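Asker: My questions all concern the structure below.
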Amino acid sequence: MPYNPETYREKREKVLGVRKRGISVGVLAVVVSSLILIGFGAVVIPKSIAWWNDRNLEDAIFKLKDGGPWPADVVAALGRQTGVKKTVTDKGGTRLVITFDRTVFDARNVTPLFEKNSLNAVLLNRIDHSQHMRGMQKE
Amino acid sequence: MEQDRHLIEIRGIGKTYQAGDTLVQAIREMDFYVDEGEFVGIMGQSGSGKSTLLSIIGGLNHPTKGSVCVDTLDIYSLTTEQRADFRSEYLGIIFQSFQLIPYLTVLENVKLPMAVTGIKDNEQQKRALQILERVGLANKARRLPDQLSGGEQERVAIARAIVNQPPILLADEPTGNLDSETAEGVMGLLTTLNGEGQTIIMVTHNPGMTRFAPRTIHVRDGLVVLDETGSRN
């Protein structure tokens, strides 16, 4: 008696791989590897981008010799200098931190501005911006 | 016009082994078909090539020439993985020496083929108990194989072979280790299964057993010498 191949279609498809049973080891390996890579990437990529953006940034920390607060108009004027990314005052406004791109701006360029405003400023420190940020976070 | 198809098509197969310096022709050339629902006995003396033939049909022994098609699948052109799936989907195999796992209970032995199918455990349990009920061993499901008689062990082996509802049952000397009365009981069970539509190919050297199979293929020296179709006694 001739048989009807339709009877065994499902079995045939399973054998030929048309119909998959569950998830294969290969697919599982790809999924697990992808999850590991995505997790790893989520940690490493933002850090890499931050490092790339900050690689030329440096912080210069000034204080006034008399220990007084920095005038706001001077701080604002410094912020407008080419190559200066950010100006921040701390310790009750007595310390001025200038973050600048060392390839464009030199910390010594601020001296004429201080002199013009009769400010007697002292450079306390120059430090890599990323290193400074890490130090601040630890503190 | 489309040719009639057969569930199993053996086309010009041959098998040669290298035994030391000698080439042994286990199968010289065989051609035959088996249709759905047939009970075929393969009868021959030791060394006639009948067990080699069964292992070739079972996808376990690559023929030197020819092809074996089951449900249109040329099983030796499949990949190794596909052939393993083929065995799992299409075949139940009964061995002369039962091949039950001695440290698993009867129920666990019967559940074993379902372990790779993804069937849930409670469904496996239910199906295995139904099959054991069918072979008359539901009350011995928790026993270990060595707590059973030879005939009972063979029934467990049959239950294990049919639990995944394979279209084809291959039996290699299923009564070879049994006394004649027990053997008759096992053959009765196979006959019942065949009556329900199960395709069975049984290898035997015992002429008395072929009377249960409506068709007997006689093999000798690696050749089919007679393909005999008669009625079941």
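The values are calculated or read from the model by the stated rules, or taken from the named source; none is laboratory data. Only a predicted model underlies this, so the values are computations on that prediction, with no experimental measurement involved. Ideal geometry is used to build each Cβ from the backbone, glycine not excepted, and the neighbour counts take in all protein chains shown. Ligands, DNA and RNA are excluded from the accessible area calculation, which covers all protein heavy atoms including side chains. Shrake-Rupley method; radii C 1.70, N 1.55, O 1.52, S 1.80 Å.
Asker: Being touching a residue at least 24 places away in the same chain (Cβ under 8 Å), more than 14 Å from every other protein chain (Cβ to nearest Cβ) and among the small types (Gly, Ala, Ser) narrows it down to one residue among A:41, A:67, A:79; which is it?
Answerer: A:67
Asker: If residue A:48 passes every condition in (1) small (Gly, Ala, Ser); (2) in the same structural domain as residue A:90 (by TED's automatic domain parsing); (3) at negative phi but one, which one does it miss?
Answerer: Every condition holds for residue A:48 apart from (2).
Asker: Take the range B:106-137 and flag every residue that is open to solvent by less than 50 Å² (accessible area, probe 1.4 Å), outside any helix (DSSP H, G or I) and more than 17 Å from residue B:89 (Cα to Cα).
Answerer: Answer for the range B:106-137, where residues must be open to solvent by less than 50 Å² (accessible area, probe 1.4 Å), outside any helix (DSSP H, G or I) and more than 17 Å from residue B:89 (Cα to Cα): B:135, B:137.
Asker: I'd like the full set of residues that are among the β-branched types (Val, Ile, Thr) and under 18 Å from residue B:4 (Cα atoms), limited to the range B:56-84. Before the answer, list the steps.
Answerer: We begin by selecting, within the range B:56-84, every residue among the β-branched types (Val, Ile, Thr); these are B:56-57, B:64, B:68, B:70, B:72, B:75, B:79-80.
Hits for the range B:56-84 are B:68, B:70, B:72.
Asker: Tell me which of these residue A:58 doesn't satisfy, since it passes every other one: (1) in contact with a Lys or Arg (Cβ under 9 Å, 6 or more places away or on another chain); (2) open to solvent by 90 Å² or more (accessible area, probe 1.4 Å).
Answerer: That leaves (2) as the condition not met.
Asker: While we're on this one: One residue is enough: does the range B:93-102 have a residue meeting the conditions open to solvent by 50 Å² or more (accessible area, probe 1.4 Å), away from chain A (no Cβ under 14 Å) and among the hydrophobic types (A, V, I, L, M, F, W, C)?
Answerer: Within the range B:93-102, the subset open to solvent by 50 Å² or more (accessible area, probe 1.4 Å) is B:95-97, B:99, B:102.
If we keep only those that are away from chain A (no Cβ under 14 Å) as well, we get B:95-97, B:99, B:102.
With among the hydrophobic types (A, V, I, L, M, F, W, C) added as a condition, the list becomes B:95.
Scanning the range B:93-102 turns up at least one residue that is open to solvent by 50 Å² or more (accessible area, probe 1.4 Å), away from chain A (no Cβ under 14 Å) and among the hydrophobic types (A, V, I, L, M, F, W, C).
Asker: Residue B:18 - would you say it is over 20 Å from the mean Cα position of the chain (by Cα), in contact (Cβ under 8 Å) with a residue 40 or more places away in the chain, away from chain A (no Cβ under 14 Å) and assigned to a strand (DSSP E or B)? Reasoning before the result, please.
Answerer: Values: over 20 Å from the mean Cα position of the chain (by Cα): yes; in contact (Cβ under 8 Å) with a residue 40 or more places away in the chain: no; away from chain A (no Cβ under 14 Å): yes; assigned to a strand (DSSP E or B): yes.
Against the criterion (over 20 Å from the mean Cα position of the chain (by Cα), in contact (Cβ under 8 Å) with a residue 40 or more places away in the chain, away from chain A (no Cβ under 14 Å) and assigned to a strand (DSSP E or B)), residue B:18 does not qualify.
Matching residues to (1) farther than 30 Å from residue A:17 by Cβ; (2) modelled with pLDDT under 85; (3) among the charged types (D, E, K, R):
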site: A:34; (1), (2), (3): no, no, no
site: A:46; (1), (2), (3): yes, no, no
site: A:52; (1), (2), (3): yes, no, no
site: A:69; (1), (2), (3): yes, no, no
site: A:97; (1), (2), (3): yes, no, no
site: A:115; (1), (2), (3): yes, no, yes
site: A:139; (1), (2), (3): yes, yes, yes
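Asker: Right, here's the next one. If you scan the range B:22-61, which residues turn out to be touching a helix residue (DSSP H, G or I) at 6+ places or on another chain (Cβ under 9 Å) and in a loop (DSSP other than H, G, I, E, B)? Outline the logic, then answer.
Answerer: First, pick out the residues of the range B:22-61 that are touching a helix residue (DSSP H, G or I) at 6+ places or on another chain (Cβ under 9 Å): B:26-27, B:30, B:34, B:36-39, B:41-44, B:56-61.
Once the filter is applied, which keeps residues that are touching a helix residue (DSSP H, G or I) at 6+ places or on another chain (Cβ under 9 Å) and in a loop (DSSP other than H, G, I, E, B), the range B:22-61 yields B:36, B:37, B:38, B:44, B:58, B:59, B:60, B:61.
Asker: From (1) of a type in the set (Lys, Arg); (2) open to solvent by less than 40 Å² (accessible area, probe 1.4 Å); (3) within 14 Å of chain A (Cβ to nearest Cβ), pick out the condition that doesn't hold for residue B:87.
Answerer: (2)
Asker: If you don't mind, another one. Which condition does residue B:98 not pass, out of (1) aromatic (Phe, Trp, Tyr); (2) under 16 Å from the mean Cα position of the chain (by Cα); (3) more than 22 Å from residue B:199 (Cβ to Cβ), if it passes all the others?
Answerer: Just one mismatch for residue B:98, condition (3).
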